[in-house]
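The values are calculated or read from the model by the stated rules, or taken from the named source; none is laboratory data. Everything numeric here is computed off the predicted structure, so don't read it as measured data. Don't worry about glycine lacking a Cβ; one is built from the backbone with ideal geometry, like all the others, and counts go over all protein chains shown. SASA here: full protein model, heavy atoms, side chains in, ligands and nucleic acids out. Shrake-Rupley method; radii C 1.70, N 1.55, O 1.52, S 1.80 Å.
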Amino acid sequence: GAVVSQHPSRVICKSGTSVKIECRSLDFQATTMFWYRQFPKQSLMLMATSNEGSKATYEQGVEKDKFLINHASLTLSTLTVTSAHPEDSSFYICSTHWGPEAFFGQGTRLTVV
Amino acid sequence: GENVEQHPSTLSVQEGDSAVIKCTYSDSASNYFPWYKQELGKGPQLIIDIRSNVGEKKDQRIAVTLNKTAKHFSLHITETQPEDSAVYFCAASKNYKLSFGAGTTVTVRA
């Protein structure tokens, strides 16, 4: 069964609105959650690392005010895309790890119209 | 940071033949090398992994080799089947942070 549950799987939103994506760790407490973005026919690019109870660490070039990450509990991390624009349309994937092995969410297909 | 290169970008094989995908990495501190299969619209699925203290690992039709000195690792799929058609990603991990290769689209021809 799924170790990480990600919702929603698909979302369409209007330009200028905000969208929240949730990732829940089902089988263990996830102190760290990684957020990736994947454009069509491209690889996964790490956006940020969220740590429970502290501020997220963002990769170079990722706007922290646009991609708000909250990791308030050991089982839930959220990514909010604020003031979304069409260029934010992408596949967003979260993952956590148990030892070195990563467990991925099912992904969220975001389309901004 | 870590840089992972993956080749080829596309691979077409006849059913029953073998498929080989190669990756190189740049950071010698990376110590965990997973391979993922991704189907359209889904998250990556781990198919095999190898740690830096092991040179080779096999699981049925899938094998992975690692050369730490040369900083490269490879995925081998034998007796390919149509259901092996997918995008495959290699990755290198340091401190649980994954850096992915660009991906290989594998097509198995029936």
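Checked against (1) hydroxyl-bearing (Ser, Thr, Tyr); (2) within 11 Å of the chain's Cα centre (by Cα); (3) under 26 Å from A:PRO40 (Cβ atoms), B:SER74 meets all criteria but (3). For the stretch B:34-50, the candidate set comprises residues that are more than 13 Å from the chain's Cα centre (by Cα) and within 8 Å of chain A (Cβ to nearest Cβ); within that set, the residue that is modelled with the lowest pLDDT is B:GLY41. Take the conditions over 22 Å from A:SER90 (Cβ atoms), free of Cβ contacts under 8 Å to residues at least 40 places away in the same chain, open to solvent by less than 80 Å² (accessible area, probe 1.4 Å) and in a loop (DSSP other than H, G, I, E, B) and apply them to B:VAL54. Does it pass? Criteria met by B:VAL54. Selection of the stretch A:1-27 for residues being part of a strand (DSSP E or B) and surrounded by fewer than 13 Cβ atoms within 10 Å (Cβ to Cβ) yields A:ARG10, A:ILE12.
Screening the stretch A:28-113 for strands (runs of 3 or more DSSP E) wholly inside it with 3 or more residues that are within 14 Å of chain B (Cβ to nearest Cβ) and open to solvent by 20 Å² or more (accessible area, probe 1.4 Å) returns the ranges A:45-51, A:101-104.
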